[in-house]
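The values are calculated or read from the model by the stated rules, or taken from the named source; none is laboratory data. Keep in mind the model is a prediction, meaning the values are calculated, not measured. Ideal geometry is used to build each Cβ from the backbone, glycine not excepted, and the neighbour counts take in all protein chains shown. Accessible surface is based on the protein model in full, side chains and every heavy atom, while ligands, DNA and RNA are left aside. Shrake-Rupley method; radii C 1.70, N 1.55, O 1.52, S 1.80 Å.
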Amino acid sequence: MRVHPTAIVEDGARLSDGVEIGPYCIVSAGASLAEGVRLISHVVIMGNAQIGARTVVHPNAVLGGEGQIRKSEAPEAKLLIGADNVIRESVTITAGSRKGGGVTTLGDRGYLMAYSHLGHDCRVGNDVTLSNGVQIAGHVEIGEGVIMGGLAAAQQFSRIGQYAFVSGLSGVAADIIPYGSAIGLHARLGGLNLIGLRRRGVARENIHALRAAFRALFQDDRDSFPERAHRVSETWPHVTEVQHVAAFILADNKRRIAPLRSRGGNIESED
């Protein structure tokens, strides 16, 4: 364990073997840094933040501060960050809130680029990439493997399904289905994230089934959206990716799912 003489580590902070704390960092009494965590310099770890093993935090990041809420009173609120994350310059992640369950979570192997922000009570899965300046409001759920382009944003309580792609400068105001590719000021689906599916090694027959399910969901409006979701689930019961999409839609029938950009939208999108 190496702590630079200019760093401030409050009594009570828990530091595991191999932790490195660089110049002018501040670590609060309630913080916990797992083995191999590295704070490069000028990093502030506040409140009850737990940083997972081998996570690297770059200068001027602030992790675990109070949620940005008027009358925020949750001294017991937590921030839980998994292992092997890279958190770049000036990233901010706030702890949970009393009304939101009290915990903000970031999974393993995330890559959060400079100036990105995760709000209170967010739940973020493994292998997520947030590009420069991405802004995530409170209570947002982001699934495993999601990629968001630079300066994209998501409004509070929205959901972004696993392995979806959100284009830079897009604003997520409705739920983005798993494996979807979304673009626009108020993001709409441009199609499926085919590049991401291929990079993950998803079988060709599964991709074909997912394309067909996508058409059935978004280009056939003869019945309700939940009914279409049930139908694609029953049509392709053994295709994992189709089941992910159907379950995402059916988890809450009252939620709004981002539509296609246009009636004739290109559902073979590789953006």
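Among the residues that make up the stretch 13-33, is at least one of them β-branched (V, I, T), farther than 23 Å from H120 by Cβ and surrounded by 18 or more Cβ atoms within 10 Å (Cβ to Cβ)? Working first, answer last.
Looking only at the stretch 13-33, we keep the residues that are β-branched (V, I, T), and these are 19, 21, 26-27.
If we keep only those that are farther than 23 Å from H120 by Cβ as well, we get 19, 21.
Checking which are surrounded by 18 or more Cβ atoms within 10 Å (Cβ to Cβ) leaves us with 19, 21.
Yes - at least one qualifying residue is present in the stretch 13-33.
Taking each residue of the stretch 184-211 that is over 16 Å from H244 (Cα atoms) and free of Cβ contacts under 8 Å to residues at least 40 places away in the same chain and looking for partners that are open to solvent by less than 20 Å² (accessible area, probe 1.4 Å) and hydroxyl-bearing (S, T, Y) with beta-carbon atoms closer than 8 Å, six or more apart or interchain, yields L185/S170.
Being touching a Gly at 6+ places or on another chain (Cβ under 6 Å), at pLDDT 95 or above and of a type outside the set (D, E, K, R): is that true of A34 here? Yes: the conditions hold for A34.
The rows are residues; the columns are (1) under 24 Å from Q156 (Cβ atoms); (2) of a type outside the set (D, E, K, R).
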{"residue": "D175", "(1), (2)": "yes, no"}
{"residue": "G190", "(1), (2)": "yes, yes"}
{"residue": "R198", "(1), (2)": "no, no"}
{"residue": "N206", "(1), (2)": "no, yes"}
{"residue": "D223", "(1), (2)": "no, no"}
{"residue": "H230", "(1), (2)": "no, yes"}
{"residue": "S233", "(1), (2)": "no, yes"}
{"residue": "V239", "(1), (2)": "no, yes"}
{"residue": "V245", "(1), (2)": "yes, yes"}
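Looking at the stretch 41-50, which of its residues are open to solvent by less than 50 Å² (accessible area, probe 1.4 Å) and either of a type in the set (V, I, T) or touching a Cys at 6+ places or on another chain (Cβ under 7 Å) (or both)? Within the stretch 41-50, S41, V43, V44, I45 meet the criteria.
Every residue in the stretch 1-48 that is under 17 Å from R109 (Cα atoms) and either of a type in the set (S, T, N, Q) or assigned to a strand (DSSP E or B) (or both), please. Full working, then the answer.
Let us first name the residues in the stretch 1-48 that are under 17 Å from R109 (Cα atoms), namely 33-39.
Selection gives L33, R38, L39.
When E76 is tested against (1) at pLDDT below 95; (2) open to solvent by less than 40 Å² (accessible area, probe 1.4 Å), exactly one condition is not met: (2). For beta carbons closer than 9 Å, sequence separation of 6+ or different chains, a first residue in the stretch 152-166 that is at positive phi and a second that is surrounded by 23 or more Cβ atoms within 10 Å (Cβ to Cβ) and in a strand (DSSP E or B), the qualifying pairs are Y163/G180.
State which residue pairs qualify: first residue of a type in the set (F, W, Y) and inside the stretch 224-253, second residue open to solvent by less than 30 Å² (accessible area, probe 1.4 Å) and in a loop (DSSP other than H, G, I, E, B) in any location, beta carbons under 6 Å apart, and separation of 6 or more residues or different chains. Correct list of pairs: F248/G161; F248/I177; F248/P178.
Before we move on, is S90 more than 14 Å from the chain's Cα centre (by Cα) and either modelled with pLDDT under 95 or surrounded by fewer than 22 Cβ atoms within 10 Å (Cβ to Cβ) (or both)? Show your work before the answer.
Numbers: more than 14 Å from the chain's Cα centre (by Cα): yes; either modelled with pLDDT under 95 or surrounded by fewer than 22 Cβ atoms within 10 Å (Cβ to Cβ) (or both): yes.
Yes.
For the stretch 128-168, a residue qualifies if it is farther than 21 Å from G82 by Cα and polar (S, T, N, Q), and the qualifying residues are Q155, Q156, S158, S167.
Please find, within the stretch 98-142, the residue that is most open to solvent (accessible area, probe 1.4 Å) out of those that are of a type in the set (S, T, Y) and in contact (Cβ under 8 Å) with a residue 24 or more places away in the chain. Here the answer is Y115.
On the given criteria, is V57 hydrophobic (A, V, I, L, M, F, W, C), open to solvent by 10 Å² or more (accessible area, probe 1.4 Å), under 26 Å from Y24 (Cα atoms) and at pLDDT 95 or above? Spell out how you get there, then give the answer.
Numbers: hydrophobic (A, V, I, L, M, F, W, C): yes; open to solvent by 10 Å² or more (accessible area, probe 1.4 Å): no; under 26 Å from Y24 (Cα atoms): yes; at pLDDT 95 or above: yes.
Judged against the criteria, V57 is not a match.
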